[in-house]
Amino acid sequence: MSKSCCKNNRGRPKTLPDENQRQVIIKGARQLFLEHGYGATKTEEIAARCKISKQTLYRLFPGKASLFAAVVEANRPQWLELPVPEGLPLQTALERIFRIDISEAEDQERLQFIGMTLAEGRHHPELHEITKTCGTGRAHATLAEWMQRQADLGRINLAEDALKTARMICDMVFGALLMKTLGEVGWPSCEARRTHIRAAIRVFLHGVCRATAD
């Protein structure tokens, strides 16, 4: 085989489509943010982890803050699972939405990410707004849409508007999830925490379920 033939076959390295490359970068950045924190992670480290140039990184993400926003948005399904199948019993639906029965590994991964955003937000105030806009705010809005649909179907009564109600139950559930992260005494076991959250959901539903005729 001629040298020219070998040279032609070698060609240039294949590059991923932009959307695929974005997902690789988001995954790599997430790993580094968890390992070192947002503030200590440099863009050149992200580029090296993803085996790309900084030029490619900045072409797809204008800066580290925009990349953090993309990471938060990509991880939002870890917090709430929506949509869920219609017609589920309300207790079952909310347990599924809040992902009560995920594995311990998935649970730790979720808590680690939320803990990182809280810790880094203390040193980088701009992250609070990013997390609210791309994470908690959208999660609340999506849950509020589900709750409004249940109200429209006559399954629940909303004493407050749907968004306020969504925030209330998120506070109840995530307050229990994040006790140790927030510096309080942790749960003796994951099952003890699941039991508490199921009870919190029952208490919540007791106040919004329609009264049935005797």
**Request:** Tell me which of these THR131 doesn't satisfy, since it passes every other one: (1) within 13 Å of the chain's Cα centre (by Cα); (2) within 21 Å of ILE197 (Cα to Cα).
**Result:** (2)
**Subset of the range 29-61 [closer than 15 Å to GLU19 by Cα and either in a loop (DSSP other than H, G, I, E, B) or of a type in the set (Phe, Trp, Tyr) (or both)]** = ILE52, TYR58, PHE61
**Prompt:** Between residues in the range 85-104 that are more than 14 Å from ILE156 (Cβ to Cβ) and touching a residue at least 60 places away in the same chain (Cβ under 8 Å) and residues that are aliphatic (A, V, I, L, M) and surrounded by 10 or more Cβ atoms within 10 Å (Cβ to Cβ), which pairs lie under 6 Å by C-beta distance while being six or more apart or on different chains?
**Reply:** PHE98/VAL173; ILE100/ILE197
**Asked** How many of the residues in the range 118-147 are aliphatic (A, V, I, L, M), touching an Asp or Glu at 6+ places or on another chain (Cβ under 9 Å) and touching a residue at least 24 places away in the same chain (Cβ under 8 Å)?
**Response** 1
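Inside the range 80-198, counting only helices (runs of 4 or more DSSP H) that do not spill past its ends, which hold 1 or more residues that are surrounded by fewer than 17 Cβ atoms within 10 Å (Cβ to Cβ) and either modelled with pLDDT under 95 or in the same structural domain as GLY39 (by TED's automatic domain parsing) (or both)? Show your work before the answer.
Values: elements: 90-97, 104-123, 126-131, 137-152, 162-177.
Here the list reads 104-123, 126-131, 137-152, 162-177.
The values are calculated or read from the model by the stated rules, or taken from the named source; none is laboratory data. These figures come from a predicted structure and were not determined experimentally. Cβ: placed from backbone, ideal geometry, glycine included. Neighbour counts: every protein chain shown.
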